[in-house]
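Data first, discussion second: the structure below is written as structure tokens.
The values are calculated or read from the model by the stated rules, or taken from the named source; none is laboratory data. Just so it is clear, the model here is predicted, and its values are computed rather than measured. All Cβ positions, even for glycine, are placed from backbone atoms using ideal geometry, and neighbour counts span all protein chains on display.
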């Protein structure tokens, strides 16, 4: 086992551990902050797999914006003294669904990339990603951006429908 | 073996820059602000024009007791200053200072994706203030934290868009590469991007006139209200380190980094001079403009900076393709 693999395992364990803590802690703010640790550890895994671009964008977008958005939503909707998680009956359903999704995704990835090595060639540089996105996958990429735009417009329409504007 | 020495030397150098330059900027803020307001600023500490004022402040902060309020969320409260400070040190690792007497480029580590690395590190740094606001158990901190979150969400987008415009013009995401591709006419074609980047950076650092989260007249000190002693000093140091990173990034992206006469030998000096000039602008903005109201902060971001940044990207695209 090489040093890279050991560090990768450490990052992976950190990601899983902090994700479990994020799900089980009673304070929502702590959940959000454990999520930061999870996302950072996953970014570390990306770096070790030479996908640097994805790693930095992950930190920039998810830690810098999405977690801040989550915390902002928490602060707007709750009183300061009662920021604690409500445990409902849905918790177990969510856990089962999460497990099913994890197993499904894991099986897909393992069957698709089983035994592949990434030694020797750097697959995650900005150049290779740009080549792949805008040469091989340009149609799915454009369709995806259209879907996102539609979702954006839909969100605006829904959020303004209640008012008399 | 020389590799190890090289890495250690570079790390020590980055650490030295991180320890010294923020203090220089802090001292500059003391003196420049004082002279703009027709006073002299600190004069006693250290003798010559109070040069040791910040060291004296540091000694004072060390002697103070570090208090954690009973209502505070203990771990979040105590971790927040470190979260605010450490990312700026990480960001400095990837920012180039330029050629050093023909001995190659002075930089911690030349990353293929340096621009995104630094922007990502900066976006983590501001989580520290947010944690301070959430963890203090104080309503002023809490309101300040909400303002921090709103401000961050608004200004992240224009900042990244403006930086992306330069990266497109240079055709690379490496900070060294961008500075090497820089040409003087970028000062005109990238001017809107420069202004957007600088203003959004000020807002991201919560520097005046974008200090509505701190707003000492209405929120005591916002997220920093409950902090004292070394923890407050760390937040203060994070603010100056943030100014340093923002100035250095502005210099490397928009002002050509080490471009200047004899840049093969004293390029690093040119970078330092430009960084200090931008840092002076940051301080000047604090003295010159009154604080923006909370709604003005957000409408400036969405109604002015984002459209300007998008227009800048369109312009850059046309110039690159044409």
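Among the residues of the range A:24-63, count how many are more than 7 Å from chain B (Cβ to nearest Cβ), in contact (Cβ under 8 Å) with a residue 24 or more places away in the chain and farther than 20 Å from residue B:127 by Cβ.
Total satisfying the criteria: 7.
Within the range B:103-135, take every residue that is outside any helix (DSSP H, G or I) and at the interface with another protein chain (Cβ under 10 Å from one of its Cβ atoms) and give me the one that is surrounded by the most Cβ atoms within 10 Å (Cβ to Cβ).
Among residues in the range B:103-135 that are outside any helix (DSSP H, G or I) and at the interface with another protein chain (Cβ under 10 Å from one of its Cβ atoms), the one surrounded by the most Cβ atoms within 10 Å (Cβ to Cβ) is B:126.
Any chance the range B:187-201 includes a residue that's surrounded by fewer than 24 Cβ atoms within 10 Å (Cβ to Cβ), out of contact with any strand residue (DSSP E or B) (no Cβ under 7 Å at 6 or more places or on another chain) and within 14 Å of another protein chain (Cβ to nearest Cβ)?
Looking for residues that are surrounded by fewer than 24 Cβ atoms within 10 Å (Cβ to Cβ), out of contact with any strand residue (DSSP E or B) (no Cβ under 7 Å at 6 or more places or on another chain) and within 14 Å of another protein chain (Cβ to nearest Cβ), one finds none in the range B:187-201, hence no.
So if I check each of A:47, A:61, A:42, which one is over 13 Å from the mean Cα position of the chain (by Cα) and either modelled with pLDDT of 80 or more or surrounded by fewer than 20 Cβ atoms within 10 Å (Cβ to Cβ) (or both)?
Exactly one of A:47, A:61, A:42 is over 13 Å from the mean Cα position of the chain (by Cα) and either modelled with pLDDT of 80 or more or surrounded by fewer than 20 Cβ atoms within 10 Å (Cβ to Cβ) (or both), namely A:47.
Select, from B:72, B:82, the only residue that is within 14 Å of chain A (Cβ to nearest Cβ) and either crowded, with 22+ Cβ neighbours inside 10 Å or not in a helix (DSSP H, G or I) (or both).
Of the residues listed, the single one that is within 14 Å of chain A (Cβ to nearest Cβ) and either crowded, with 22+ Cβ neighbours inside 10 Å or not in a helix (DSSP H, G or I) (or both) is B:72.
Within the range A:74-81, is there a residue that is within 11 Å of another protein chain (Cβ to nearest Cβ), modelled with pLDDT of 85 or more and either closer than 25 Å to residue A:129 by Cβ or exposed (fewer than 15 other Cβ atoms within 10 Å of the Cβ) (or both)?
For the range A:74-81, residues within 11 Å of another protein chain (Cβ to nearest Cβ), modelled with pLDDT of 85 or more and either closer than 25 Å to residue A:129 by Cβ or exposed (fewer than 15 other Cβ atoms within 10 Å of the Cβ) (or both): absent.
Would you point out which residue out of B:100, B:61 is in contact (Cβ under 8 Å) with a residue 40 or more places away in the chain, in contact with a strand residue (DSSP E or B) (Cβ under 7 Å, 6 or more places away or on another chain), crowded, with 17+ Cβ neighbours inside 10 Å and over 30 Å from residue A:124 (Cα atoms)?
B:100
Conditions tested, residue by residue: (1) assigned to a helix (DSSP H, G or I); (2) more than 30 Å from residue B:174 (Cα to Cα); (3) in contact with a helix residue (DSSP H, G or I) (Cβ under 7 Å, 6 or more places away or on another chain).
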position: A:96; (1), (2), (3): yes, yes, no
position: A:100; (1), (2), (3): yes, yes, no
position: A:133; (1), (2), (3): yes, no, yes
position: A:141; (1), (2), (3): yes, no, yes
position: A:148; (1), (2), (3): yes, no, no
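Quick check: anything in the range B:140-148 over 19 Å from the mean Cα position of the chain (by Cα) and either farther than 27 Å from residue B:303 by Cα or not in a helix (DSSP H, G or I) (or both)?
For the range B:140-148, residues over 19 Å from the mean Cα position of the chain (by Cα) and either farther than 27 Å from residue B:303 by Cα or not in a helix (DSSP H, G or I) (or both): present.
Okay, residues lined up against (1) over 27 Å from the mean Cα position of the chain (by Cα); (2) over 21 Å from residue B:123 (Cβ atoms); (3) at pLDDT 85 or above:
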site	(1), (2), (3)
B:61	no, yes, yes
B:67	yes, yes, no
B:71	yes, yes, no
B:74	yes, yes, no
B:83	no, no, yes
B:88	no, no, yes
B:91	no, no, yes
B:97	no, yes, no
B:103	yes, yes, no
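For residues that are within 17 Å of the chain's Cα centre (by Cα) and in a loop (DSSP other than H, G, I, E, B), scanning just the range B:175-211, find the one that is farthest from residue B:291 (Cα to Cα).
Across the range B:175-211, the extreme among qualifying residues is B:205.
Determine the pairs where a residue that is on the phi > 0 side of the Ramachandran plot, located within the range B:113-141, has a partner that is outside any helix (DSSP H, G or I) with Cβ atoms under 8 Å apart, the partner being 6 or more residues away or on another chain.
As it stands, the answer is B:137/B:69; B:137/B:70; B:137/B:71; B:137/B:72; B:137/B:73; B:137/B:226, since those pairs meet every condition given.
Would you call residue B:120 at pLDDT 85 or above and closer than 16 Å to residue A:47 by Cβ?
yes
Which ones in the range B:139-154 are within 7 Å of chain A (Cβ to nearest Cβ) and buried (at least 24 other Cβ atoms within 10 Å of the Cβ)?
Across the range B:139-154, the qualifying residues are B:145, B:149, B:152.
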